[in-house]
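Taking it in order: structure first as structure tokens, then the write-up.
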Amino acid sequence: MNVQPLLDALGIQEDAALAIADDFRAQIAELQARLREAETHLEHLAITRKTVIALADRIPAQADSPDLPEHPDYPRILAVFTEATGPLRARNVCEALDHELLPKNIEGTRAKMKRLVKLDVLTEVDVGSFTRKQ
């Protein structure tokens, strides 16, 4: 009985299995390197978290609302912008405040909004179109 063809087939299977095992070893090595990178990143994040928590007590608290002029419309205007999902014009704000849509009311509201821009509370994104400053 000639076993050589059987041994040759076995050798081919051994070579294929060895190639697969080598490929898996390479993948494992790559995954181990990626795992080390991820673990290092997690360590850095933990250090950053500890640092932020330690510094949080040293950061002065910011006022919830800026110093506004002494007029009852300013907080109401800011409340309208807080609820807004996009830029607003003076006419939109007048409507939200239930002011009559008269030119004097619209212009007065626009002037107040411009003053809030100067106070760095609002931003004029386009001519006559305002948003709350982020």
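The values are calculated or read from the model by the stated rules, or taken from the named source; none is laboratory data. For clarity, every value in this text was computed on a predicted model and none was experimentally measured. Using ideal geometry, Cβ is built from the backbone for each residue, glycine included, and neighbour counts are taken over all protein chains shown. To get the accessible areas, we keep the full protein, side chains included, count just its heavy atoms, and leave off ligands, DNA and RNA. Shrake-Rupley method; radii C 1.70, N 1.55, O 1.52, S 1.80 Å.
Rounded to the nearest 10 degrees, the inclination of helix 4-56 to the longest alpha-carbon principal axis of the chain is 30 degrees. Computed from Cα atoms, the angle from the helix 73-83 axis to the main principal axis of the chain rounds to 30 degrees.
Please give the helix 103-118 orientation as an angle from the longest Cα principal axis of the chain, in degrees from 0 to 90, rounded to the nearest 10. For helix 103-118, the angle is close to 50 degrees. Per residue, what accessible area does the range 1-53 have, given a 1.4 Å probe and all protein chains present, in Å²? Accessible area per residue, the range 1-53: 93 Å².
In the range 77-134, the portion of solvent-accessible area held by carbon and sulfur atoms comes to 49 percent [1.4 Å probe, whole percent, DNA, RNA and ligands not counted]. Which residue, 79, 19, 38, tops the fluctuation ranking in a GNM of the chain built on C-alpha contacts under 10 Å? Judging by the Gaussian network model, the answer is 19. Looking at the range 88-134, the GluC sites (Glu not before Pro) that sit in a DSSP loop and have at most 11 other Cβ atoms within 10 Å of their own Cβ are 100. Taking all Cα pairs closer than 8 Å and separated by 6 or more residues, the relative contact order of the chain comes to 16 percent. Under 5 Å from the amide H of residue 122 lie the amide H atoms of 117, 133, each residue being 5 or more positions distant or on a separate chain, with H modelled from the backbone and absent for Pro and chain starts. Residues with beta-carbon under 14 Å from that of residue 118, excluding residue 118: net charge, scoring Lys, Arg +1 and Asp, Glu -1? Net of charged neighbours comes to +2.
Taking the Cα atoms of the range 1-130, the ratio Rg/Rh between the radius of gyration and the Kirkwood radius comes to 1.59.
Could you work out how far the C-alpha centroid of the range 87-133 sits from that of the range 2-59, in angstrom? The range 87-133 and the range 2-59 have Cα centres separated by 58 Å.
Summing Cβ point charges (Lys, Arg +1; Asp, Glu -1) relative to the Cα centre of the range 20-134 gives a dipole of roughly 380 debye.
Dipole of the chain computed with +1 at Lys/Arg Cβ and -1 at Asp/Glu Cβ about the Cα centre; of 48, 24, 117, farthest Cα towards the positive end is 117. Lys-Lys pairs in the chain that are eight or more residues apart or on separate chains and whose Cα atoms lie under 27 Å of each other come to 7.
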